[in-house]
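Worksheet: one structure, shown below.
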Amino acid sequence: MQQRSSEGDLAERLRRELDRYSPGEKLPSSRALVERFRVSPVTVSRALARLAADGLVVTRPGAGAYRAPAHPAPTPAGDTSWQEVALSADGAVELVPRTVDASGVTVSLAAPPPGVLEFNGGYPHPSLQPERAMAAALARAGRRPGAWGRPPLEGLPELREWFAREIGGAVTAAEVLIAAGGQAALATALRALAPPGAPVLVESPTYPGMLALARAAGLRPVPVPVDPDGVRPGLLADAFHATGARVFVCQPLFQNPTGAVLAPARRAEVLRIAREAGAFVIEDDYVRRLVHADAGPLPRPLAADDPDGVVVHVGSLTKATSPSFRVSALAARGPVLERLRAIQVVDSFFVPRPLQEAALELVGSPAWPRHLRTLSAELRIRRSTMTGALARELPQLALPYVPSGGYHLWLRLPDGTGGTAPSLGPGGESALTSAALRAGVALTPGRPYFAAEPPAGHLRLSFAAVAGTGEIIEGVRRLRAAYDEVAREPAAGW
């Protein structure tokens, strides 16, 4: 209590003194504030963080704190009154049986048998994880005053502020909730926005874990096809009109599994279509920090360009750190934010404070940008290695899109038309997956990524879960042997 009281008192005293400084002028150093007010460095840091969260101070690592520059009068907030209709007009719909099928998720979570190369993994290999930086951050976090106490239900203000800055636009810390990983955040968003039995529009193909969440909540996933430029707006508008859905779930950046990025011309169109339908867009921004070194500038999140509260944004640190570093953010504007908060509190109370403190320590350390640069370079090398090996060994597998971010490739199996490669039959991906496992490489079949019948057989291959490029080359060689085995068998289908 004394620590919280001290930082609150100091923040208030500094707030009253800000008028002494011009916008952009540097404030006294942390050391000077420690000596002047006779408080600890931690108290000074937290007091400044409070002022930063209120937009009064700008902190620059290694440079100090500055009075925030003067801003023009803020643009009037967008109209969020439409949400009252969207959140309450559930209507009478036929209930969909709740089914909990985790098979599409466990395939990327289960460790393969010894000696089997992991092309099905959903997380970077330990060699790509910032283990030393995370260990140091956790150790520092454990020594912070109050680190083992109860955090604010919405999350630590400093961490909410960091996520708000990462999202950009007009998003503020007050519109951010800290959640326990992206999967938990998606579950909260789906429960908040759609009643049991309702349709929910999803990209096709899409992340199986999201399909499992929707079905477990009694929702009915309705697929909307994507192409290399992301979801197709015309089909999205048709789906809203045909179903009356109030929710669309999408991954605009490095979509899972295709790797597609929503084209600039489609971004505003998707938001307009959803707004006119009185619907929400759940933006799953799951791998923004897994961009490859040869990628150009990234588009900012959809939430940054949304004044009307259409977008519920989900962002996570997990993919860029470790499967166990489950810290994410939910961002929303308008009445829906309170519903999200209430569901999260009921489900889990709060994210453990030591983990939030460790996240703050990690993203605020010099090791964080170094890790992201290293990860970006290594992912580019691994992607190029896998695409090159596939071109040499398995040109029969079509790769319609080479992503510039993420950790996997999406391949289409030959269907025997328009080329010389033999068809593997309707059950080809299942047969190939089984043969590959016997050959010593674990794959992810494409069927779980479709909410309805798939147009063809597919495979998703991860290049991030193995130890290095040598295992990628060897894994593709084993896959070639498995392909030859299946292609030789006339009954390779079902």
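For the stretch 159-194, what are the residues that are touching a Ser or Thr at 6+ places or on another chain (Cβ under 7 Å) and buried (at least 23 other Cβ atoms within 10 Å of the Cβ)?
179, 182, 185
What residue, of 4, 60, is under 22 Å from residue 169 (Cβ atoms), basic (Lys, Arg) and modelled with pLDDT under 80?
So the residue among 4, 60 that is under 22 Å from residue 169 (Cβ atoms), basic (Lys, Arg) and modelled with pLDDT under 80 is 60.
Tell me which residues, restricted to the stretch 135-148, are assigned to a helix (DSSP H, G or I) and either closer than 19 Å to residue 465 by Cα or without any contact (Cβ under 8 Å) to a residue 12 or more places away in the chain (or both).
Hits for the stretch 135-148 are 135, 139.
Within the group 271, 253, 201, which residue is of a type outside the set (Gly, Ala, Ser), under 30 Å from residue 296 (Cα atoms), under 17 Å from the mean Cα position of the chain (by Cα) and at pLDDT 95 or above? So that I can check it myself, show each step before the final result.
Values: 271 fails: under 17 Å from the mean Cα position of the chain (by Cα); 201 fails: under 17 Å from the mean Cα position of the chain (by Cα).
On inspection, the qualifying residue turns out to be 253.
Residues in the stretch 329-348 that are surrounded by fewer than 24 Cβ atoms within 10 Å (Cβ to Cβ), more than 10 Å from residue 312 (Cα to Cα) and not β-branched (Val, Ile, Thr): how many?
8
With of a type outside the set (Phe, Trp, Tyr), closer than 29 Å to residue 459 by Cβ, surrounded by fewer than 23 Cβ atoms within 10 Å (Cβ to Cβ) and touching a helix residue (DSSP H, G or I) at 6+ places or on another chain (Cβ under 9 Å) as the only criterion, which of 300, 220 stands out?
Every option except 220 fails the conditions.
Quick check on this structure: which one of 176, 171, 200 is farther than 30 Å from residue 46 by Cβ, in contact (Cβ under 8 Å) with a residue 12 or more places away in the chain and in contact with a helix residue (DSSP H, G or I) (Cβ under 6 Å, 6 or more places away or on another chain)?
Details: 176 fails: farther than 30 Å from residue 46 by Cβ; 171 fails: farther than 30 Å from residue 46 by Cβ.
Of 176, 171, 200, the one residue that is farther than 30 Å from residue 46 by Cβ, in contact (Cβ under 8 Å) with a residue 12 or more places away in the chain and in contact with a helix residue (DSSP H, G or I) (Cβ under 6 Å, 6 or more places away or on another chain) is 200.
Looking only at the stretch 358-367, decide whether some residue is surrounded by 19 or more Cβ atoms within 10 Å (Cβ to Cβ), in the same structural domain as residue 176 (by TED's automatic domain parsing), over 20 Å from the mean Cα position of the chain (by Cα) and on the phi < 0 side of the Ramachandran plot.
yes
Of all residues in the stretch 224-260, which are crowded, with 23+ Cβ neighbours inside 10 Å, farther than 23 Å from residue 194 by Cα and of a type outside the set (Gly, Ala, Ser)?
Across the stretch 224-260, the qualifying residues are 253, 254, 257, 258.
For the list (1) within 22 Å of residue 392 (Cα to Cα); (2) part of a helix (DSSP H, G or I), I need the number of the one condition that residue 460 fails.
(2)
Restricted to the stretch 452-485, and to residues that are at pLDDT below 90 and among the hydrophobic types (A, V, I, L, M, F, W, C), which residue is nearest to residue 378 (Cα to Cα)?
It comes out as 456.
Does the stretch 459-470 contain at least one residue that is farther than 23 Å from residue 101 by Cβ and without any contact (Cβ under 8 Å) to a residue 40 or more places away in the chain?
Within the stretch 459-470 (the criterion being farther than 23 Å from residue 101 by Cβ and without any contact (Cβ under 8 Å) to a residue 40 or more places away in the chain), the answer is yes, since at least one residue qualifies.
Kindly indicate the residue of the stretch 18-31 that is surrounded by fewer than 12 Cβ atoms within 10 Å (Cβ to Cβ) and assigned to a helix (DSSP H, G or I) and also nearest to the chain's Cα centre (by Cα) among those meeting that condition.
Filtering first and then ranking leaves 31.
The values are calculated or read from the model by the stated rules, or taken from the named source; none is laboratory data. As the structure is a prediction and not an experimental result, all values here were calculated from the model. Every residue, glycine among them, receives a Cβ derived from its backbone with ideal geometry; neighbour counts consider all protein chains shown.
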